[in-house]
Amino acid sequence: MSCGMADAEQDTIDGTVVGIVFRNDETGYSVLRVAGADDGAFSLKKPEAIVVGVCGAVWEGEDLHAVGEWVTDKIHGRQFKAREITCATPRSATGIERYLASGLIKGIGPEYAKRIVAKFGEDTIDILDRQSARLCEVPGIGATRLAKIKKSWESERGTREVMIFTQSYGISVAKTAKIYRKYGPDSIAIIKSDPYRLCRDIWGIGFATADKIAMSVGMAKDAPERARAAIIHTLQTEADDFGHCWTSEPELLLHANELVDISVEKLSEALKMELADGRVIVEREGTVLTAEDTLNDADGGMRRVYLADLYWSERRVARKMRTLISSARSFDAIDPERAISWWEGKSGFRLAPAQERAVRTSLENKVSIITGGPGVGKTTIIRALVDIYCARKNSKGQTLISVQTAAPTGRAAKRLSESTGAPSQTVHRLLKYNPQTRRFTYDSENPLTGDVFVFDETSMVDIRLMDSLLAALPETAVLIIVGDTDQLPSVGPGNVLHDLIDSGAVACSRLTEIFRQDNSGLIVRNAHHVNAGEGFELPSSGDDSDFYFVANNDPDKTLAFVLDFMTNRIPRKFRMDPMTDVQVLSPMRRNALGTENLNQLLQKRLNPEGPSVHRGAMLFRKGDRVMQLRNNYDKDVFNGDVGFVADAYPEDRKLVVLFDGRPVEYSSGDLDELTLAYATTIHKSQGSEYPAVIVLLHNQHYMMLQRNLLYTAITRGKKLVLVIGSRWAAGKAIETNTVKGRRTSLAERLTTTPHLHL
């Protein structure tokens with residue numbers, strides 16, 4: 001029976017998809033309007049049904065077969081709850097037209113769908129499959145549009161086959177498209193032969209999904225391939241989730257055993273295989289072990305197990321730091337006393353003793369560190385150093401000492417440029433990634449040119465990026481590292497800034513005295529109060545200030561406050577644009593006061609209308625503020641970059657996003673790299689500074705409440721910080737200072753008598 005409404009208890013339904021009410025591309029959950037079908041004929045006069053369930057991919061016009069049961073929803077009424085949904089290319093001319101008009105194929109919209117089906121009727125699918133050149137018989141279709149249609153059709157057909165295979169494993173449509181782009185027509189065969197390749201090759205697919213596929217295709221639970229994948233996944237988790245560069249061998253085997261329930265003996269054998277293949281490195285007391293060495297369990301000493309790239313990054317950073325410190329600079333030394341006196345006379349600014357000592361230290365040493373919190377004069381010191389180095393000129397007035405400045409994020413680089421007057425850029429753009437070679441253009445074989453390099457916000461730099469950065473520096477370079485050790489550590493593995501300071505190998509100026517005191521200055525003072533474990537200093541009632549705390553325990557009222565302050569009160573009182581000047585910060589992504597819910601609510605208030613494109617439950621609309629979630633070197637955009645949607649093309653499911661005025665195109669398969677950015681997590685805000693921030697602190701966030709988290713949030717605001725939440729949550733964050741250490745060996749490698757390899 002086809003969509004038989006009279007017999008309400010049938011467990012199958014066949015019809016044509018005439019509308020997609022809701023679709024989550026991440027989970028595949030869909031709410032579909034389905035019209036009855038009889039021998040493929042489509043008619044709106046036939047009864048319609050609502051079908052809900054999970055399917056790999058669905059487009060309007062497709063033929064649908066579903067297995068399930070009829071239910072009556074309290075809100076939505078009668079609907080078919082499907083346990084299984086199968087969609088197929090439509091056979092009727094009407095269904096084909098709707099199918100092609102749905103935006104499935106790039107180059108075909110409603111008008112061209114009508115023309116194509118008018119020309120070829122029910123033979124349209126066969127024409128697309130086998131005789132696509134005949135599409136040029138349709139008015140308006142030339143060689144360029146034909147090529148676009150053909151490429152999109154072939155990709156869609158291949159992707160659909162993979163989607164049918166992956167849908168039962170919870171792999172989203174967007175990630176399936178990435179799989180097909182990576183592996184092509186051989187996708188299914190490759191996945192079946194080695195499911196764990198997905199973890200390594202496809203961003204966003206984890207071990208659990210790959211493991212589920214492996215089990216379903218018959219891989220033994222204690223197979224060597226599974227054990228080896230568990231070893232690598234455990235090390236990767238330690239690096240990604242906890243920032244560790246290494247894990248002790250017993251702990252690694254224990255965690256891998258908990259993950260896959262494979263005996264420690266077999267996991268140990270898997271570790272030896274990974275060691276033999278060079279994907280991991282095991283080091284004991286400064287000695288790199290081989291697979292044969294690990295056979296002796298009574299050898300004594302802790303065995304540190306690294307992912308190979310982290311091990312070599314750590315060693316290269318230590319070696320290059322030593323080289324930079326000991327090598328001669330490319331120019332004659334500068335007399336600090338004369339230079340400081342000259343700068344003070346030129347700028348009309350008198351350096352405080354601590355600032356003067358920091359400038360002198362950096363002028364006297366090849367490598368130096370300047371660290372301290374907000375308002376302690378780091379920016380003044382950088383400006384003085386840049387001015388001093390750039391002041392040395394030849395008889396023609398040409399600068400003799402080349403200075404380059406950079407920071408991890410675009411916002412931090414822009415701020416550095418504004419404060420020093422010298423051009424600045426992100427570290428990634430400084431090193432120039434080459435998509436063809438998939439490497440940085442500047443490296444140890446092709447170093448950067450320059451005499452002095454200043455890197456700001458170095459607390460954000462992980463061991464891998466520091467490795468790439470140092471590799472590209474000439475040995476004669478003077479290196480000045482600037483950062484705040486009290487902020488959150490880098491998202492990636494390592495604890496570079498802390499380790500460099502703790503090693504004692506690098507000259508360090510630690511600033512503590514606050515100099516930046518404007519009319520109210522509570523942002524700076526409260527950042528230091530929090531860092532010292534002290535409560536907020538608040539303005540007197542009715543006084544204007546740059547820092548406010550709105551106490552409220554009720555989550556719903558807290559949400560209402562956020563929306564009101566973001567869209568109404570702050571713009572009205574402080575004349576700030578909520579789209580560009582105000583940033584909401586939350587400790588977490590999920591829950592009612594997390595960034596996901598906040599972004600949806602703020603989008604409805606600030607940008608409710610305009611062309612849009614869906615990605616799962618998220619909708620991107622023209623004008624939206626968005627953030628990049630991973631480094632994409634091909635697009636030259638990086639994790640944490642913020643832009644604005646300049647155009648949205650629903651027909652092609654494509655966006656154009658402006659990053660600092662530069663347009664970047666996102667196809668449907670790339671949309672999972674973006675998220676709305678009206679609200680963002682405090683971790684993601686690192687390196688950025690905003691005119692105003694609204695910080696949420698609530699009991700719901702209790703798992704994340706840490707002193708360095710709140711300190712980082714407060715120091716993101718330049719002109720205004722508004723903290724909204726419960727007094728308990730604020731107090732909990734301030735008193736909780738149990739920052740978990742990261743397992744690294746960089747500081748040891750840099751000590752004067754290292755027992756670990758440089």
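The values are calculated or read from the model by the stated rules, or taken from the named source; none is laboratory data. Keep in mind it's a predicted model, so treat the numbers as computed, not measured. In this analysis, Cβ positions are derived from the backbone assuming ideal geometry, glycine residues included, and neighbour counts consider all displayed protein chains. The accessibility values were calculated without ligands, DNA or RNA, using every heavy atom of the protein model including side chains. Shrake-Rupley method; radii C 1.70, N 1.55, O 1.52, S 1.80 Å.
Free of any trypsin sites (Lys or Arg not before Pro) that DSSP assigns to a loop and that have at most 11 other C-beta atoms within 10 Å, the longest stretch within the chain is 75-349. In terms of its alpha-carbon gyration tensor, region 527-658 comes out prolate; a/c meets the 1.5 threshold, and the first ratio a/b outweighs b/c. Axis of helix 224-242 versus longest Cα principal axis of the chain: the two differ by about 50°, to the nearest ten degrees. Compared with the direct C-alpha span, the chain from Lys192 to Phe22 gains 58.1 nm at full extension, assuming 0.36 nm per residue.
In this simple spin-label approximation, Thr512 and Ala118 carry label points 7 Å from Cα along the Cα→Cβ vector, and these lie 8.1 nm apart. Between the exposed loop cleavage positions of the chain, defined as GluC sites (Glu not before Pro) in a non-H, G, I, E, B DSSP state with at most 16 neighbouring beta-carbon atoms within 10 angstrom, the longest gap is 10-284.
So if we plug the beta-carbon distance of Arg78 and Lys432 into 1/(1 + (r/R0)^6) with R0 = 60 Å, what FRET efficiency do we get, rounded to 0.05? Once rounded, the FRET efficiency stands at 0.50. Ranked by solvent-accessible area (1.4 Å probe, protein heavy atoms only, all chains present), the residues Leu275, Leu254 order from largest to smallest as Leu254, Leu275. The calculated P(r) of region 557-611, using every Cα pair and 10 Å bins from 0, goes 23, 54, 22, 1 in percent. Full extension of the chain between Met703 and Glu735 gives 10.2 nm of extra length, using 0.36 nm per residue less the Cα-Cα distance.
Counting only protein heavy atoms and using a 1.4 Å probe, the accessible area of His528 comes to about 40 Å². Mean residue ellipticity, 222 nm, helices only, the chain: the sum of -39500 (n - 2.57) across DSSP H runs of n ≥ 4, divided by residue count and rounded to 500, is -11000 deg cm²/dmol. For Lys119, the aspartates and glutamates whose Cα falls under 19 Å of its own Cα, not counting residues fewer than eight places away in the same chain, are Glu97, Glu111, Asp129, Glu137. Helix 555-564 and the longest principal axis of the C-alpha atoms of the chain enclose an angle of approximately 80°. Think of the chain as a dipole: +1 on every Lys or Arg Cβ, -1 on every Asp or Glu Cβ, centred on the Cα centre; then among Ile191, Gln236, Leu746, Leu746 lies furthest on the positive end. What's the angle, to the nearest 10 degrees (0 to 90), between helix 378-390's Cα axis and the longest principal axis of the chain? On a 0 to 90 degree scale, this one is about 70. Per residue, the chain exposes 44 Å² of accessible surface when a 1.4 Å probe is rolled over the protein heavy atoms with every protein chain present. Quick one: which of Lys114/Lys178; Lys346/Lys378; Lys320/Lys378 span more than 21 angstrom between C-alpha atoms? Pairs exceeding 21 Å: Lys114/Lys178; Lys320/Lys378. When Tyr690, Tyr548 are compared by accessible surface with a 1.4 Å probe, the order from highest to lowest is Tyr548, Tyr690. Find how many whole Å separate the alpha carbon centroid of region 589-645 from the alpha carbon centroid of region 362-414. Using only Cα atoms, the two centres lie 35 Å from each other. Of the solvent-accessible surface of the chain, computed with a 1.4 Å probe and all protein chains present, 49% belongs to carbon and sulfur.
A Förster radius of 35 Å combined with the Cβ-Cβ distance from Lys573 to Glu534 puts the calculated FRET efficiency at roughly 0.80.
Here the simple spin-label model places points 7 Å from the Cα toward Cβ, and for Val288 and Ala560 these points are separated by 6.4 nm. Note on Ser152 and Asp634: the extension gain reaches 171.4 nm, defined as 0.36 nm multiplied by sequence separation minus the Cα-Cα distance.
Regarding the chain, what's the average projected area of the Cα-atom convex hull, expressed in nm²? Approximately 39.1 nm², given one-decimal rounding.
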